[in-house]
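Worksheet: the structure to be examined is printed underneath.
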Amino acid sequence: MSGIIAAPQFFRAFPDLDPEIVGKLKSSNMQAFYTAVYELGCLAGAIFALVFGNRMGRRRNIILGACIMLVGVLIQITTVKGHKAGYQFVIGRVITGIGNGLNTATIPTWQAECSKSHNRGLLICIEASTIAFGTVVAYWIDFGCSYIDNSVSWRVPIAIQMLFAVLLIIGVLALPESPRWLISQGFHDEGQRVVAALADAPYDSEKTQLETRVIHETLAAMEGEAKTSDLFTSGKTQHFRRMMIGASSQLFQQIGGCNAVIYFAPVIYETYIGLDHRLSLILGGVNATVYAASAFFSYPMIEKAGRRNMFLWGSLGQALSMFLASFCLIPFNEEGDKQNKVLYGAVVGLFCFLIAFGCTWLELPWLYPAEISPLRTRTQANAVSTMTNWLFNFGVVMWTPPMLNSIGGFGTFLFFGIINLCFIPFIWVFYPETKGRSLEEIDVIFAKAYATKEWYIKVAHELPSLSMAEVESEARAWGISGEGVGTEKAAQRDEEDSTSSTPPTTVAA
């Protein structure tokens, strides 16, 4: 929206945004609202995933989310001036956000559950980096369409979202359902087929049977499908702690200031650094391109450096970049001077921030909650973390214009720099390393830490990488295996499965 929300062509359809009609302050607030209301829709979509996500399955959720987005985009692009245009556009933005919120709460979980421990981080990094790629595509389309002097200049960039929603639906239809979700719903045979397909092994091979049995026993030990209230429990599975760790990563991503830079960079360049409007737009596009390119550096780092180190170094890099941008804006903040060349250092600071963010904090909060949460509450916990993201995304987008107006660029970026520094001790104390671990191994780490009264960071550091057979043995040792815990319930479910309905249609290859 940053490329079209302040365009004259957009003001013609939505005069309540035009600063020459409603005044600069009201225009700024209304532009922030039109932009941020999308995040409220995303929050609603994540809430839907929290309540209903586990019942519908991963693939159905994603397809539903994409269909909702198609409806929302259609409502936006059919807006006509003078026919309550503002209301229609905002409603369309909210509906589109609901679909996106449902997808962002589901896709990382689905991908984590279908990935192997050695490439799970890479795959989710690739998925998360498409956020940056989409930003670049959208920004340059906005810039190109800005030369069109009619409503096509904003309708086309919004309408292009429909293409990606259709591609998402087609792609999901060709991919398998999560084997862990299938087994959790009692579709044991179908889940085992998907396990075999993902492992490229025969259905009845020892490898396939062992992995399926570990998933089944873990579920049995956790006593079946979770209720929302289970998110707030502790014990061996540490549901509440793990949910809070995952949600905190999404909180930190947003309050670190990423969207203050991504959404408002052109405004900052023009208003606080004194660049002309066209150059500010071009620099905003270059900003987005650098941000997307930096995301590729996370691919080799995620399984080598690990999640914890990337969180720590990313926080430090973001803090130093914000401090650079802040201090270089002192001449404008003190004297309103737009001619001082020191101001150009703020451009460098914002570029450095997006490089640090693109390499680390862009991807990690989409990966970490999905793998840190136990299978029984993974859907709900990941929905909570996604809700946290969209809630504070909305807050940052709404707060940034008033912050810039009241304390200037110097104070705004100084604030974000201090916030980023505060992440470092929290991550050091509370974020365990999950690199190279299967999802069931992570369950073992928390169960062992609970039973031995050791800090889970220490257990994660000292516990060697486990094979599936060792995971099964450790799970039994620490009381999170189905053996002797949920065997009777599992047997009852297997008996019911033989007469139950068929599973959701799943492509297993």
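Filter segment 151-192 for residues that are small (Gly, Ala, Ser), under 18 Å from Glu127 (Cβ atoms) and part of a helix (DSSP H, G or I) and give the result.
Ala165, Gly171
So in segment 164-195, with the set limited to residues that are within 21 Å of the chain's Cα centre (by Cα) and without any contact (Cβ under 8 Å) to a residue 12 or more places away in the chain, which one is nearest to Leu210 (Cα to Cα)?
Applying the filter and picking the extreme gives Gly171.
For segment 210-218, indicate whether the set of residues that are touching a His at 6+ places or on another chain (Cβ under 9 Å) and in a helix (DSSP H, G or I) is non-empty.
There is at least one residue in segment 210-218 that is touching a His at 6+ places or on another chain (Cβ under 9 Å) and in a helix (DSSP H, G or I).
I'd like to check something: does segment 197-208 contain any residue that is in the same structural domain as Trp110 (by the TED database), without any contact (Cβ under 8 Å) to a residue 24 or more places away in the chain and part of a helix (DSSP H, G or I)?
No, the conditions are met nowhere in segment 197-208.
Quick check on this structure: which one of Ile91, Ile75 is more than 20 Å from Val166 (Cα to Cα) and modelled with pLDDT of 95 or more?
Ile91
Do we have Thr237 as buried (at least 21 other Cβ atoms within 10 Å of the Cβ), under 27 Å from the mean Cα position of the chain (by Cα) and not basic (Lys, Arg) here?
In short, yes.
Would you check if there is a residue in segment 222-233 being buried (at least 22 other Cβ atoms within 10 Å of the Cβ) and assigned to a helix (DSSP H, G or I)?
Checked segment 222-233: no residue is buried (at least 22 other Cβ atoms within 10 Å of the Cβ) and assigned to a helix (DSSP H, G or I).
Does at least one position in segment 424-444 carry a residue that is surrounded by 14 or more Cβ atoms within 10 Å (Cβ to Cβ), basic (Lys, Arg) and outside any loop (DSSP other than H, G, I, E, B)?
Scanning segment 424-444, I find no residue that is surrounded by 14 or more Cβ atoms within 10 Å (Cβ to Cβ), basic (Lys, Arg) and outside any loop (DSSP other than H, G, I, E, B), so the answer is no.
Can you give me the number of residues within segment 278-315 that are more than 21 Å from the chain's Cα centre (by Cα) and surrounded by fewer than 17 Cβ atoms within 10 Å (Cβ to Cβ)?
5
Per-residue answers, yes or no, for (1) of a type in the set (Val, Ile, Thr); (2) surrounded by fewer than 18 Cβ atoms within 10 Å (Cβ to Cβ); (3) within 15 Å of the chain's Cα centre (by Cα):
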| residue | (1), (2), (3) |
| --- | --- |
| Ala36 | no, no, no |
| Ala66 | no, no, no |
| Val73 | yes, no, no |
| Tyr87 | no, yes, no |
| Gly99 | no, no, yes |
| Leu102 | no, no, yes |
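Pairs under 6 Å by beta carbon, first residue touching a residue at least 40 places away in the same chain (Cβ under 8 Å) and closer than 13 Å to Pro15 by Cβ in segment 75-98, partner of a type outside the set (Phe, Trp, Tyr) and part of a loop (DSSP other than H, G, I, E, B), six or more apart or different chains?
Ala85/Thr79; Phe89/Thr79
How do the pairs read when you match residues in segment 41-62 that are outside any helix (DSSP H, G or I) with residues anywhere that are modelled with pLDDT under 95, using Cβ under 6 Å and keeping only pairs 6 or more apart or on different chains?
The qualifying pairs are Gly57/Glu177; Gly57/Trp181; Gly57/Pro504.
Can you find even one residue in segment 256-278 that is on the phi > 0 side of the Ramachandran plot and in the same structural domain as Val136 (by the TED database)?
Checked segment 256-278: at least one residue is on the phi > 0 side of the Ramachandran plot and in the same structural domain as Val136 (by the TED database).
Report yes if Gln253 is more than 21 Å from Leu350 (Cα to Cα), crowded, with 19+ Cβ neighbours inside 10 Å and not aliphatic (A, V, I, L, M), otherwise no.
So Gln253 does not fit the description; no.
Scan segment 234-247 and give yes if some residue there is in a helix (DSSP H, G or I) and at positive phi, otherwise no.
yes
For the structure I just gave you, tell me whether Val397 is at pLDDT below 95, touching an Asp or Glu at 6+ places or on another chain (Cβ under 6 Å), outside any loop (DSSP other than H, G, I, E, B) and of a type outside the set (Ser, Thr, Tyr).
Spelling it out, it is not the case that Val397 is at pLDDT below 95, touching an Asp or Glu at 6+ places or on another chain (Cβ under 6 Å), outside any loop (DSSP other than H, G, I, E, B) and of a type outside the set (Ser, Thr, Tyr).
Filter segment 104-120 down to the residues that are of a type in the set (A, V, I, L, M) and at pLDDT 85 or above, then identify the one that is surrounded by the fewest Cβ atoms within 10 Å (Cβ to Cβ).
Ile107
Could you tell me whether Ser205 is under 30 Å from Ala447 (Cα atoms) and within 26 Å of the chain's Cα centre (by Cα)?
Here the answer is no, as Ser205 does not meet what is asked.
Can you run down the residue pairs with Cβ atoms below 7 Å, 6 or more apart or on separate chains, where the first is in segment 117-133 and in the same structural domain as Phe296 (by the TED database) and assigned to a helix (DSSP H, G or I) and the partner is surrounded by 17 or more Cβ atoms within 10 Å (Cβ to Cβ) and polar (S, T, N, Q)?
Qualifying pairs under 7 Å: Leu123/Gln111; Leu123/Ser115; Ile124/Gln111; Cys125/Ser298; Glu127/Gln111; Ser129/Ser298.
Among the residues of segment 134-150, write down those that are assigned to a helix (DSSP H, G or I) and not acidic (Asp, Glu).
If the condition is that a residue be assigned to a helix (DSSP H, G or I) and not acidic (Asp, Glu), then Gly134, Thr135, Val136, Val137, Ala138, Tyr139, Trp140, Ile141, Phe143, Gly144, Cys145 are the ones that fit.
Pick from segment 449-492 the residues that are part of a helix (DSSP H, G or I) and touching a Leu at 6+ places or on another chain (Cβ under 9 Å): which of them is modelled with the lowest pLDDT?
Filtering segment 449-492 for residues that are part of a helix (DSSP H, G or I) and touching a Leu at 6+ places or on another chain (Cβ under 9 Å), the one modelled with the lowest pLDDT comes out as Ala490.
The values are calculated or read from the model by the stated rules, or taken from the named source; none is laboratory data. Quick caveat: nothing in here was measured; it's all calculated off a predicted structure. Using ideal geometry, Cβ is built from the backbone for each residue, glycine included, and neighbour counts are taken over all protein chains shown.
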